[in-house]
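For reference, the structure is listed below as structure tokens.
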Amino acid sequence: VLAKSALARGQKRAAQSSYADVIAAIANRGLGAAGSLDFSNFMTADAALAELARDPSRWQAIVDAVERASGKPYAGSSSEYGLALINIGQRAKGLALLRRLQAAGYRHPDFIALMDRVGRDAT
């Protein structure tokens, strides 16, 4: 909430700092279960930080977290995982995941915007 509020005020550095704080706090507790709220919050914060900071290592951190976690992430976290795969060069795998979510009926507004963006990038 603090990060999104900072972004709305045009305070990119404050948003980055808030997202980094979320990531650190959750990472300290562990990311064992991909379907947990902590895991979902970690993924959201890490994806936002990756985009804000244009830091490719954050995309890799998302992929690594999903691959280490037990179970499957929520749909929102899965969409961030798909985006991370695309950003680390595994475009086909990432697009396949995103299309599976779309085919399953996932319609969160952020996901719809992501699919619009991915579709434009593919052309």
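I'm checking my understanding of the structure. Among residues of region 1-31 that are under 25 Å from ARG68 (Cα atoms) and among the charged types (D, E, K, R), which one is modelled with the lowest pLDDT? Once the filter is applied, the top-ranked residue is ARG29. Residues that are open to solvent by 30 Å² or more (accessible area, probe 1.4 Å) and of a type in the set (S, T, N, Q) were ranked within region 35-70; the one that is nearest to ARG107 (Cα to Cα) is THR44. Taken over region 71-103, the criterion of being crowded, with 19+ Cβ neighbours inside 10 Å, out of contact with any Gly (no Cβ under 9 Å at 6 or more places or on another chain) and closer than 12 Å to ALA34 by Cβ is satisfied by SER78, GLU80.
The values are calculated or read from the model by the stated rules, or taken from the named source; none is laboratory data. Bear in mind the structure is a predicted one, so any value in this text is a computation, not a measurement. All Cβ positions, glycine included, derive from the backbone under ideal geometry; neighbour counts span all protein chains shown. For the accessible areas, the whole protein counts, side chains as well, though only heavy atoms, and no ligand, DNA or RNA atoms are used. Shrake-Rupley method; radii C 1.70, N 1.55, O 1.52, S 1.80 Å.
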